[in-house]
1. Hey, what do the phi angles of the stretch 56-63 turn into as Karplus ³J(HN,Hα) couplings, whole Hz, using 6.51/-1.76/1.60 and θ = phi - 60°, x for Gly and Pro?
2. Principal axes first, then extents: for the Cα atoms of the chain, list largest minus smallest coordinate on each axis, whole Å, largest first.
3. For Leu7, enumerate residues with amide H under 5 Å from its amide H, sequence gap 5+ or separate chain, H modeled in the peptide plane.
4. Compute, for the chain, the length of the dipole vector about the Cα centre, with Cβ point charges of +1 (Lys, Arg) and -1 (Asp, Glu) only. Units Debye, rounded to 20.
5. Using alpha carbon centroids, what distance separates the stretch 432-466 and the stretch 339-394, in Å?
6. Once you list every other residue whose beta carbon is under 11 Å from the beta carbon of Ser64, what net charge do they have if Lys and Arg are +1 and Asp and Glu are -1?
7. Ordered by residue, what ³J(HN,Hα) values in Hz, to whole numbers, does the stretch 148-153 give under the Karplus form 6.51 cos²θ - 1.76 cosθ + 1.60, where θ = phi - 60° and Gly and Pro are x?
8. Roughly how many Å is it from the Cα centre of the stretch 148-189 to that of the stretch 195-249, as a whole number?
Amino acid sequence: MSNTQPLAGHVVVVGGGVSGLAAAHFLLEGGAARVTVLESSGRLGGKLYADEIAGVPVDLGAESILARRPEAVDLARAVGLGDDLEAPATTNAGLWTRGRLRPMPKGGVMGVPGDLGSLAASGVLSAAGLARLPLDHVLPRTKVGEDVAVGAYVAARLGHEVVDRLVDPLLGGVYAGNAYEISLRAAIPQLYEGARGGRSLIETVRESQRKAAAARQDGPVFAGIRGGVGRLPVAVAEACRSAGARIETDAPVRTLRRTPDGWEVAFDHDGTRETLAADAVVLAVPAPAAARLLAAESPGAATELSAVEYASVALVTMAFRRREIAHALPGSGFLVPPVDGRTIKASTFSSQKWHWSGAADSDVYVLRTSIGRHGQEADLAWDDTDLVRLSREDLGEAVGLTAAPVAARVTRWDGGLPQYPVGHLARVTRLREHVAKLPGLEMCGALYEGVGIPACVSSARGAATQVLGTLRRAAEPGAGQ
């Protein structure tokens with residue numbers, strides 16, 4: 001933490017996920033005098049959750065960080081986890097589609113192909129689907145308007161097979177959403193800009209890849225943390241407490257009220273109602289909770305927040321005896337196109353993807369599956385035992401895994417991932433315009449700049465920077481006159 005001269009202010013951060021804790025960290029680093037973090041659940045970390053299965057550490061939520069964006073990696077280093085950052089042991093993922101496991105084509109951007117040779121060799125598309133691709137170069141250069149769905153635009157240029165068997169599973173892995181609903185502008189901005197210029201989509205992908213290669217830094221694209229990415233929020237919380245922050249769990253905020261001097265935050269804790277006076281507030285909670293808290297102070301912001309939809313997913317984590325797995329499983333795992341009608345949407349072979357996981361116990365092999373996405377959550381009605389059974393059935397068909405697990409855990413993330421439909425960025429802009437009318441209030445989280453960990457950390461830094469600016473202006477001579 002910084003030795004910056006403390007500002008005369010108290011900031012309450014509502015939400016103890018990685019966004020809220022990162023915001024608290026940046027506030028303290030920037031010299032905020034007092035910071036209080038209030039988390040409604042009994043655990044810090046939100047969608048980052050490290051635990052164990054059969055004695056092996058595992059992530060029961062997000063399990064990797066986009067390392068090419070520096071924000072999350074820098075935060076991990078700042079809180080003492082730099083030596084525990086680790087690249088995947090393998091990133092060789094596949095696609096389970098059209099009846100077999102196939103290699104992921106190279107040279108694409110979120111499934112939109114750029115290397116047609118690799119795509120043809122993978123066998124992911126039919127002969128008719130491959131024949132459709134060269135038409136992209138001769139079609140009229142149709143420009144997009146303000147926004148368009150990824151699936152609609154890509155299908156118009158390259159055909160529905162590309163969307164259904166390549167783009168949809170990759171976007172689903174990030175957003176747990178549907179490619180035909182997700183915003184091109186929000187989810188794949190580099191392709192959106194190319195589309196606005198009217199270029200061939202395949203050429204836009206190739207140009208994006210060339211730019212990425214030219215700007216490429218040393219090091220892996222993705223990173224994990226030994227023992228699990230879920231260690232990150234715990235370490236951030238420890239650093240914040242060491243810097244003097246008050247952090248409470250089981251402390252749901254009930255009301256948020258503007259006062260002449262700032263904000264009044266009322267929350268429940270240890271069976272009593274407590275009220276805090278704050279000079280500024282950072283809301284780092286999902287849209288439904290934020291809408292409830294802002295309903296009285298900003299009905300416009302609450303209306304925008306109430307319109308945000310979320311996807312629910314379940315992660316099924318299983319541990320097997322290595323000696324009972326008949327043959328080596330391929331690569332780091334595989335994605336499953338929803339069009340194939342399987343229960344699972346993906347599987348990660350954790351003990352192969354992460355060296356630390358595989359080395360934890362030489363006789364235990366850990367993998368996990370994911371189930372559910374926006375608009376396709378019916379399978380989540382099954383109980384945990386059935387989700388394990390259905391996952392095993394799909395794994396048996398995909399990779400021939402017939403062993404029985406020695407342990408299994410089902411983690412349900414109800415309303416876990418905000419959706420980014422067409423018009424999402426315009427909604428965020430309107431929301432920020434409403435919030436700007438409330439001095440001392442900032443918002444951060446997966447809703448605003450992206451659902452990945454670096455985007456959440458970036459959002460948190462932006463909120464903290466705005467709050468610190470507000471406190472500094474209030475501290476200037478004559479500010480209160």
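Throughout, read-outs are computed from the coordinates displayed, never taken from laboratory work. Remember, it's a predicted structure, so these values are computed and weren't measured experimentally. Every residue, glycine among them, receives a Cβ derived from its backbone with ideal geometry; neighbour counts consider all protein chains shown.
1. Using θ = phi - 60°, the values come out as 9, x, 8, 8, 9, x, 4, 10 Hz.
2. Principal-axis extents of the chain (Cα, largest first): 74, 58, 43 Å.
3. Ala32, Ala33
4. 1180
5. 32
6. Spelling it out: positives minus negatives among the neighbours equals -2.
7. So the J values, rounded to whole Hz, are 7, 6, 3, x, 5, 5.
8. Distance between centres, Cα-based: 21 Å.
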